[in-house]
Amino acid sequence: MTTAAPETVTTADPAPRRRISARVRILLWLLVVMAVALTAVAATTRSILLRDVDHRITRLLAQEASEFANFEEQGFDPETGRRFTEPDRLLRVFLERQYADADEELIGLVRREGREPAKLVQPREIPTERPLRDDAAARRAIFASKEPTGTLRRPAGEIRWAKVDVARHGGSPHGDGPEAAFVVAFHPERERDKADEVFRILLAISGVALLMTTGIGWAVAGRILKPVRVVRTAAAQLTEQDLTRRIPVQGRDDIAALADTFNGMLDRLERAFAAQRDFVDDAGHELRTPITIVRGHLELMGDDPAEREETVRLVTDELDRMSRIVEDLLLLAKAERPDFVTPEPVQLAELTADVFVKARTLGERRWELGEVADREIQVDPQRITQAMVQLAQNAVQHTTHGQTIRIGSRAAGRRIELYVADSGPGVQPQDAQVIFERFRRGTARRGTRTSGAGLGLSIVRAIAEGHRGRVRLHATEGGGATFVLEIENTEKNTAKNTEKNGVGS
């Protein structure tokens with residue numbers, strides 16, 4: 001019995017989603033918002049115009065009805081000089097004295113026994129397809145209505161009407177309704193067409209405005225987002241070998257802030273990669289020599305116990321030097337990290353005294369504690385102590401027994417200075433510019449060359465820069481070199497701004 005191999009199903013990779021650029025999305029949202037806003041404005045305007053038409057028609061109907069009611073109450077027949085006694089005479093005289101507005105009809109209706117109400121109308125044309133005076137069914141409906149006003153909807157067009165029944169006349173009223181009535185009718189189609197025309201005009205203007213907004217918005221969005229495109233292009237072109245590209249910052253808006261932030265990120269990346277390359281290069285350069293020495297001694301080591309002991313001593317010494325170099329390089333690499341220093345409130349006087357006590361054990365010199373500033377500062381005490389001890393060690397290496405080394409601190413405003421001054425041979429001017437660089441040492445005038453790797457002063461400078469300060473060098477009065485660790489105290493000073501002199505040892 002054979003088993004069929006399972007069928008392999010190959011699933012095609014889904015097609016990549018097409019991205020819509022921020023420029024297009026901004027423009028689409030702008031157009032949607034503007035289209036909704038302009039349509040709402042046009043619709044609101046049309047609604048307001050139609051409401052005004054309705055209010056005006058209502059006022060017109062009420063005014064005409066009120067005028068006829070007053071005429072019926074107070075009018076006199078011009079032929080007899082007496083009050084009207086016949087409904088048709090009342091309606092005829094009133095209609096002769098009136099002038100109807102456009103789209104308005106003034107009609108008098110008089111009941112004839114056994115027939116539909118006779119009509120008395122003004123002899124003027126009405127600009128409508130079928131006026132009320134030619135629509136007998138509409139006249140009958142209005143005449144029979146018990147309401148004083150109403151709206152009559154018919155295929156020929158809507159009619160808004162008002163009616164005043166003639167109650168005072170000379171004849172006897174019929175029991176089934178008035179014998180005469182005055183009717184004012186208004187055809188609102190033309191007025192509403194005007195409102196619709198305004199609505200269409202507003203829509204057309206809105207369309208033109210949207211087209212203009214599309215062009216202007218496309219140009220403005222492109223101009224505003226240009227730095228973003230530059231950021232994207234720059235990010236795409238960045239490599240480990242080329243981190244020098246920067247974005248030109250123009251203006252003070254959020255886009256400029258983005259470009260400035262991106263440039264700051266590139267600065268940090270460049271420094272990090274530079275520190276990494278320096279670490280690799282420096283480690284390879286400085287460790288190559290001790291490794292060669294260790295290998296050579298091990299290869300040449302014989303069977304003589306004394307020779308073996310000397311070889312082990314030399315190898316151990318080189319390994320210790322390699323360990324110190326690696327630790328110093330790691331410390332310099334860590335200096336680029338934000339947690340390199342951990343500031344905390346420290347009393348400067350106590351810190352200076354602690355440094356002085358620790359430095360005195362470095363060598364037989366004439367140690368002096370100079371002025372000591374008494375105030376609270378915000379620093380990393382361990383890093384500051386490390387830097388000051390390194391400066392003291394450097395002073396010991398370049399002085400001899402009996403020469404003076406002075407340690408102290410002083411304050412001037414927000415600036416704090418800790419210094420180590422020696423009375424040794426000093427530093428030559430050409431060396432003052434390079435001794436703070438890695439693996440650079442002073443010349444013979446500074447004393448006997450030491451076996452150090454030349455990283456001590458680089459570490460001091462890194463600690464000073466970690467505190468947003470600097471380390472500087474100047475000549476000591478009377479001869480020698482003075483190294484000053486200068487730091488800006490960022491916290492509010494809580495001490496006295498006074499200084500006291502120490503006592504030499």
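Only one of the numbered conditions (1) under 18 Å from the mean Cα position of the chain (by Cα); (2) open to solvent by 40 Å² or more (accessible area, probe 1.4 Å) is not met by Ala256, and that is (2).
Within the option set Val434, Val427, being farther than 22 Å from Gly478 by Cα and either of a type in the set (D, E, K, R) or open to solvent by 10 Å² or more (accessible area, probe 1.4 Å) (or both) holds for one residue only, Val434.
Within the stretch 77-84, is even one residue in a helix (DSSP H, G or I) and surrounded by 17 or more Cβ atoms within 10 Å (Cβ to Cβ)?
First, pick out the residues of the stretch 77-84 that are in a helix (DSSP H, G or I): none.
No.
Go through the stretch 213-231 and give me each residue that's open to solvent by 70 Å² or more (accessible area, probe 1.4 Å), at pLDDT below 80 and of a type in the set (A, V, I, L, M). Across the stretch 213-231, the qualifying residue is only Ile224. Just name the residue that is nearest to Arg192 (Cα to Cα) out of those in the stretch 61-74 that are buried (at least 18 other Cβ atoms within 10 Å of the Cβ) and among the aliphatic types (A, V, I, L, M). Filtering the stretch 61-74 for residues that are buried (at least 18 other Cβ atoms within 10 Å of the Cβ) and among the aliphatic types (A, V, I, L, M), the one nearest to Arg192 (Cα to Cα) comes out as Leu61. Scanning the stretch 19-46 for residues that are open to solvent by 70 Å² or more (accessible area, probe 1.4 Å) and more than 30 Å from Arg223 (Cβ to Cβ) gives Thr44, Arg46.
Yes/no per residue for (1) open to solvent by 80 Å² or more (accessible area, probe 1.4 Å); (2) touching a Lys or Arg at 6+ places or on another chain (Cβ under 6 Å):
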| residue | (1), (2) |
| --- | --- |
| Glu309 | yes, no |
| Val341 | no, yes |
| Ala349 | no, no |
| Leu369 | no, no |
| Glu376 | no, no |
| Arg383 | no, no |
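Taken over the stretch 351-367, the residue count meeting the criterion of being open to solvent by 70 Å² or more (accessible area, probe 1.4 Å) and within 27 Å of Arg414 (Cα to Cα) is 3.
Taking the listed residues Phe262, Phe279, the one that is surrounded by 13 or more Cβ atoms within 10 Å (Cβ to Cβ), at pLDDT below 75 and of a type in the set (Phe, Trp, Tyr) is Phe279, with no other qualifying. Taking the stretch 379-424 as the range and being of a type outside the set (Lys, Arg) and touching a His at 6+ places or on another chain (Cβ under 8 Å) as the test, the residues that pass are Val379, Asp380, Ile384, Asp422, Gly424.
Scanning the stretch 85-99 for residues that are touching a residue at least 40 places away in the same chain (Cβ under 8 Å) and open to solvent by less than 20 Å² (accessible area, probe 1.4 Å) returns Pro87, Leu90, Leu91, Phe94. Go through the stretch 291-309 and report how many residues are without any contact (Cβ under 8 Å) to a residue 12 or more places away in the chain and over 29 Å from Gly456 (Cβ atoms). Within the stretch 291-309, residues that are without any contact (Cβ under 8 Å) to a residue 12 or more places away in the chain and over 29 Å from Gly456 (Cβ atoms) number 11.
In the stretch 392-418, the qualifying residues are those that are under 46 Å from the mean Cα position of the chain (by Cα) and assigned to a strand (DSSP E or B), and the one that is surrounded by the fewest Cβ atoms within 10 Å (Cβ to Cβ) is Ala412.
Please identify the pairs in which a residue from the stretch 190-212 that is open to solvent by 80 Å² or more (accessible area, probe 1.4 Å) has its Cβ atom under 9 Å from the Cβ atom of a residue that is modelled with pLDDT of 90 or more, counting only partners at least 6 apart or on another chain. The qualifying pairs are Lys194/Leu49; Lys194/Val53; Arg200/Ala42; Ile201/Ala42; Ile205/Leu38; Ile205/Ala42.
The values are calculated or read from the model by the stated rules, or taken from the named source; none is laboratory data. This one's a predicted model, so the numbers in the text were calculated from it and none came from an experiment. Positions of Cβ are generated from backbone atoms using ideal geometry, with glycine treated the same way; all protein chains shown enter the neighbour counts. All accessible areas refer to the heavy atoms of the entire protein, side chains included, with ligands and DNA or RNA removed. Shrake-Rupley method; radii C 1.70, N 1.55, O 1.52, S 1.80 Å.
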